[in-house]
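Data block below; observations after.
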Amino acid sequence: MKSIRLKSSWIILIFAVVVLNPPAITGQDPQDQQEIAVPPPPFTEDIFPCSECHADLEVNRDRRELEEFHDDIVLKHDEENRWCLDCHDAENRDMLHTAGGRLIDYKESYKLCGQCHGPKLRDWKAGIHGRRTGFWNGQKEYLLCAHCHDPHAPQYPRMTPEPAPKKPGIIK
Amino acid sequence: MSIKRTVLSPQRYGRRSFLKAAAMTSSAAALMACGSRDSLKAFLQKDFRSLSPDEIQAIIRRLEAQYTQAFGKEFSVSAQEPLPETFFAYALDISRCIGCRKCVYGCVEENNQSRDPQIHWIQVLEMEKETGIDFLHANLYYTHEEVPYEGHFYLPVQCQQCKNPPCVKACPVGATWTEPDGIVVVDYNWCIGCRACMAGCPYGARHFNWGKVGLPAEETNPATHYLGNRPRSKGVVEKCTFCIQRVREGRYPKCVEVCPVGARKFGNLLDENDEIRYILENKRVIILKEELNTQPKFYYFYGT
C-alpha cells in the first residue's frame, strides 16, 4: 500500500516536472527557499520503503560488516570516517538526515550531498555540474547526484569508449 | 561568298562573342545532361541569402520530396530563422570529459553524416596530463578497453563557431557565412567544393564529402534544417552547426544531451542568467589557438 502511494507521488512529481514546469517548487521546510524538480531517486527495485523491513528490526548502531543484508554495498566514500547511519536516519527509516539531524527526503538528497560538496551543489543548481536535457531557453531536466554517482562509491565509473574513427584512406 | 564566311570566324565575330557562344553551347549541353527538371532547378538555384521567402518555400518542398523519395520516409526541411535576441555559445568542461565518444556518434546520427566514407564533426583528442594541451602529440585514434585512461585527459574539438571566422573569409563564392545568432553555416547548394575554407580553418572542423555519401535510409534523421543536417551530396563541405535544427527550436544540441558526464554546456550569451554566462563569470575558461584572433564562441573550462 505504501509503495503504491509512493509510486503515485512520483507520478505526480514527474507530472509536475514535465507538464507544469514549475520554476521552483516551494518546499515544506521553511529553511528551504526553493526546491529543484528532479526525476525520482534511482532506488534498487523493491528496496524502498526501507521501513517495510526495518520497522521490525532493532536499531544496531555498531559499526560492523553487514552479512545478512545490504552486503553488496561497498562503501568507498570516506569510509574510514563514516557509516550507514551518518546519512540514513535510524529513527525514521525512510528518510536521510543531515549532519545536524535535519531529516531529508530521498527526493532531495542533493541537500545531504551539498553539506560536504558545497561548490558542486552550487554549480549543479546553476546547471554547470551534471547533465541538462530539454530546452536551453525553457524547461530543463535535472538529475539527482545519485543518478550518476553511487552515493556509496561516488567515483564516476569508467566505460568502454565508442569505436575510434577510421584513419583517412582511399575513398572509392 | 567564300566558305570562310559561313564558319564562326573569329575575324568576323570577334573573340569575345566567339567565346560567349562556345560557353553557352557547352553550358546548355551540361544542363541537358542534368536530366530531370528538379536537378535543373537545383543547378539554377541562387545562393540562400538572395532567395525570397517564396523561393525558399519552393526549394524546401522540392528537397523534401527529393529526400522522401530517396530514403523512403517522410523528411522535413526547415528554414527556421534565427530567434530574436540570441547569440549562441558553447562550453566544454575539460575536467569532466572522459573520452567515451558518445558525442561523436550522437552527432553523426542527429546530423546525417556519411557513415562510409566516414565523416565525424566531433573529434575527441586524447592528451597526456603531464604535457597538457598539446595538439602535436594528441591521439585521435585511441582504443582503450576503458576510459578515462590512466594519466590522460580528453579534449573534444568541433567547429569553434568563431566570431572572426577565417573559413568564411576563405570562401570564394560566399557559400558559408555567420548567421545573426552566431552560427556559421554552409549552403550546400552554393558550395563549389574548392575546400579553401578547410585550408582556412585552424581547428580541422570542416569536412569534405570526397565520395558518394553513404547514409543508410534506416539511420537517417528526417527532421532537418536547410542550413544544417539535411542530407549532403558528394563534393560539398560540411561542419557542426550547433544542431541548428534543434537550437532554433529551443532545444539543446544533441552532443549536450548525450554526454553522460554533463561536460557539455550550451546557451545564449545575451541572457545574463544563462549557464554559459555563469561559466564565463565563475570558471577558468580557455579558447583554442587564441593567438589567431579567430575569437571562438566555443569555450573550454575547468569545472573543478
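What follows draws every value from the coordinates through simple rules; no lab data is involved. Just so it is clear, the model here is predicted, and its values are computed rather than measured. We place every Cβ from the backbone using ideal geometry, glycine too, and count neighbours over all the protein chains shown.
Does segment B:256-273 hold any residues that are crowded, with 20+ Cβ neighbours inside 10 Å and either acidic (D, E) or within 15 Å of the chain's Cα centre (by Cα) (or both), and which are they? Within segment B:256-273, just B:E257 meets the criteria. Annotation: of all residues in segment B:272-297 being at the interface with chain A (Cβ under 9 Å from one of its Cβ atoms) and of a type in the set (D, E), the one that is nearest to A:R131 (Cα to Cα) is B:E275. Only a single criterion out of (1) over 26 Å from B:Y90 (Cβ atoms); (2) within 14 Å of chain B (Cβ to nearest Cβ); (3) crowded, with 16+ Cβ neighbours inside 10 Å; (4) of a type outside the set (V, I, T) is not satisfied by A:P154, namely (3). Can you work out which of the residues in segment B:91-121 that are in a loop (DSSP other than H, G, I, E, B), touching a Phe, Trp or Tyr at 6+ places or on another chain (Cβ under 7 Å) and not polar (S, T, N, Q) is farthest from the other protein chains (Cβ to nearest Cβ)? It comes out as B:I94. Within segment B:259-274, the presence of a residue that is closer than 25 Å to B:Y67 by Cα and touching a helix residue (DSSP H, G or I) at 6+ places or on another chain (Cβ under 7 Å) is excluded. Do the conditions hold for B:F88, that is, is it under 30 Å from A:R132 (Cβ atoms) and surrounded by fewer than 18 Cβ atoms within 10 Å (Cβ to Cβ)? Judged against the criteria, B:F88 is not a match. No other residue among A:I170, A:I128 is more than 9 Å from every other protein chain (Cβ to nearest Cβ), outside any helix (DSSP H, G or I), over 14 Å from the mean Cα position of the chain (by Cα) and not aromatic (F, W, Y) apart from A:I170.
Given the criteria more than 8 Å from chain A (Cβ to nearest Cβ) and in contact with a Gly (Cβ under 6 Å, 6 or more places away or on another chain), does B:D134 qualify? Spelling it out, it is not the case that B:D134 is more than 8 Å from chain A (Cβ to nearest Cβ) and in contact with a Gly (Cβ under 6 Å, 6 or more places away or on another chain).
Return the residues of segment B:194-240 that are free of Cβ contacts under 8 Å to residues at least 60 places away in the same chain, away from chain A (no Cβ under 14 Å) and either of a type in the set (G, A, S) or closer than 15 Å to B:V108 by Cβ (or both); say none if nothing qualifies. Scanning segment B:194-240 gives B:A196, B:A199, B:G200, B:E218, B:S233. Scan segment B:257-279 for residues that are part of a helix (DSSP H, G or I) and within 19 Å of B:E179 (Cβ to Cβ) and the total you get is 1.
Consider A:H77 carefully, then state whether it is facing chain B (nearest Cβ under 9 Å), of a type outside the set (A, V, I, L, M, F, W, C) and not in a helix (DSSP H, G or I). No, not satisfied. Selection of segment B:217-246 for residues being assigned to a loop (DSSP other than H, G, I, E, B) and farther than 15 Å from B:V186 by Cα yields B:T220, B:N221, B:P222.
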